[in-house]
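Participant: Can you read through this structure? Questions will come right after.
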Amino acid sequence: MPTRRQLLHSLPASLAGFSTFSRAAPELRPRFGYGLGEDSNQGRAARVFTEVALRASGGRINVEVIGNTVHGTDAKLQAATAEGTLELGVTSTATLVEWVPELALLDAPFLFANTAEADAVLDGPVGDQLRAKLRPRGLAGLVFWENGFRNLTSSVRPIRRLEDFEGLRIRVMQNPIALETFDRLGAQARPLAFDKLHEALRNREFDAQENPLANILQSRLYEVQKYLTLSRHVYSAWILIANARWWEALPPADRTALASAAIASRDYERADTRARTAQALKDLKKAGLEVSELSLAEANRISNRLNRVYGHIGPRVGLPLLVQAQAQLAALRESRR
Ligand code: TK8
C-alpha cells in the first residue's frame with residue numbers, strides 16, 4: 001500500500017497542495033454586490049456576511065462588498081452574478097421571475113399574514129425547491145433575506161379605497177405579477193429598476209410606488225412622496241445568490257464557511273429589518289408622510305379583485321409547489337389557533 005505521502009505526491013501539484021498545504025492556499029476574494037446604500041439593511045448584512053466568512057475561514061476568505069448601485073440593482077446584479085463579474089449578490093426574488101418563473105409564488109398578493117409564515121415557507125422545503133430552480137440560470141440560491149411587506153406611497157392622493165387606484169401611475173418592480181396586480185386594480189403600472197426610482201418620482205414620471213417601510217426610509221423615498229398607505233399587500237423577499245460554477249468549484253471547506261456566513265447574514269438581516277420597520281413608521285411620519293391605514297373591508301375588496309392574479313401565478317409555479325405552499329400555510333395557521 002502506498003503511504004498517504006506517496007499518494008499525495010502522485011497527484012497533480014494543485015490538488016495535492018490543496019489538501020496538504022491548505023494554510024498556504026491563496027486568499028479567496030469574492031466580490032459581493034448589493035444595490036442599496038451602505039447605510040441600509042443590505043449594507044449592514046453584507047458586512048456581517050463578510051465578518052463571518054473571514055472568521056469561519058480562519059482569515060482566508062476576504063469578501064469585497066460592492067454596494068451603492070455600483071453594479072446596478074436587481075436585474076443588473078443578477079446578470080453580473082450569472083456572468084461572473086460578481087461572485088455573490090443580493091436581489092429581490094420578484095425581479096428574477098422572468099428567469100425563474102416558480103418564484104412568482106412569492107408575488108401572490110396577501111400570501112403571508114406575518115413574517116413567521118414567510119420564514120417558515122422560505123426556510124423550509126418550499127424555499128429549498130425555489131432556490132434549486134436558480135441553478136439552470138447559472139445561479140446558486142443561498143438564503144432568503146427580508147425586504148418586507150410592501151406598502152403604497154403616492155404624491156397625488158392618499159390611497160384608502162379600491163377606487164383610489166384608478167389611473168394612478170405607479171412604478172412596480174420588473175415583475176409580471178406586480179404589473180398584472182396593479183393593472184387589475186385600475187392603476188397604470190410600469191416597471192422600473194430600483195436605482196432609477198428616486199429620480200423618476202422626483203421628475204413626476206410616476207404618481208406612486210410601493211416598498212417596505214424600512215426601504216422607503218433608507219432610500220429616502222419620503223422626499224419625493226407625500227402619502228403612505230399601510231397596505232402590506234405583498235411580502236418581498238431578497239435572495240442571496242452566487243455564481244453557480246464558482247460556488248460549485250469551491251473547496252468544500254470554503255463553501256461551508258460561506259454557507260455559514262450566509263445563514264448568519266440572513267438571521268442578522270431579518271432581525272435588523274424588523275427592528276427598523278418598527279421604528280420606520282415614526283420616522284416617516286416625522287419626515288412628513290401622511291399615513292393611512294387600509295380598512296379590513298377595503299383590503300378585502302382589493303384582495304377579491306386580485307383573485308384572478310392567481311391565474312398568472314399558477315402556471316408559472318406549477319400545481320405541486322403551489323399546493324405544498326398552501327398546505328404548509330394552512331397547517332401553520334391551524335397550529336396557531
Ligand atoms: C433593491 C430592490 C428594492 C425593491 C424594489 O435592490 O425594486 O422596489 O423593493 O428594494 O430589491
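Participant: Restricting to the range 67-116, and then to whatever is near the ligand (Cβ under 10 Å from one of its atoms), open to solvent by 20 Å² or more (accessible area, probe 1.4 Å) and under 18 Å from LEU179 (Cβ atoms), can you tell me which residue is farthest from the chain's Cα centre (by Cα)?
Facilitator: Going through the qualifying residues, I end up with ALA75.
Yes/no matrix, rows are residues, columns are (1) away from the ligand (no atom under 14 Å from the Cβ); (2) open to solvent by 50 Å² or more (accessible area, probe 1.4 Å):
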{"site": "ASP195", "(1), (2)": "no, yes"}
{"site": "HIS198", "(1), (2)": "no, no"}
{"site": "LEU201", "(1), (2)": "no, no"}
{"site": "PHE206", "(1), (2)": "no, no"}
{"site": "ILE216", "(1), (2)": "no, no"}
{"site": "ARG220", "(1), (2)": "no, yes"}
{"site": "LEU228", "(1), (2)": "yes, no"}
{"site": "HIS233", "(1), (2)": "no, no"}
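Participant: State yes or no: is ALA140 part of a helix (DSSP H, G or I), aliphatic (A, V, I, L, M) and more than 16 Å from the ligand (Cβ to nearest atom)?
Facilitator: Values: part of a helix (DSSP H, G or I): no; aliphatic (A, V, I, L, M): yes; more than 16 Å from the ligand (Cβ to nearest atom): yes.
No, not satisfied.
Participant: State whether one or more residues within the range 289-302 are within 22 Å of the chain's Cα centre (by Cα), surrounded by fewer than 19 Cβ atoms within 10 Å (Cβ to Cβ), small (Gly, Ala, Ser) and more than 30 Å from ARG60 (Cβ to Cβ).
Facilitator: No, the range 289-302 contains no residue that is within 22 Å of the chain's Cα centre (by Cα), surrounded by fewer than 19 Cβ atoms within 10 Å (Cβ to Cβ), small (Gly, Ala, Ser) and more than 30 Å from ARG60 (Cβ to Cβ).
Participant: Kindly indicate the residue of the range 152-175 that is open to solvent by 30 Å² or more (accessible area, probe 1.4 Å) and within 16 Å of the ligand (Cβ to nearest atom) and also farthest from ARG301 (Cα to Cα) among those meeting that condition.
Facilitator: Ranking the candidates gives GLN174 first.
Participant: Here are some residues: PRO212, PRO191. Which one is at negative phi, within 14 Å of the ligand (Cβ to nearest atom) and without any contact (Cβ under 8 Å) to a residue 24 or more places away in the chain?
Facilitator: Details: PRO212 fails: without any contact (Cβ under 8 Å) to a residue 24 or more places away in the chain.
Selected residue: PRO191, the only one of PRO212, PRO191 that is at negative phi, within 14 Å of the ligand (Cβ to nearest atom) and without any contact (Cβ under 8 Å) to a residue 24 or more places away in the chain.
The values are calculated or read from the model by the stated rules, or taken from the named source; none is laboratory data. The shown structure was predicted, so the numbers you read here are calculated from the model rather than taken from an experiment. Glycine gets a Cβ as well: all are built from the backbone with ideal geometry, and neighbour counts include every protein chain shown. Each accessible area value is taken on the protein alone, full model and side chains, heavy atoms only, with ligands, DNA and RNA left out. Shrake-Rupley method; radii C 1.70, N 1.55, O 1.52, S 1.80 Å.
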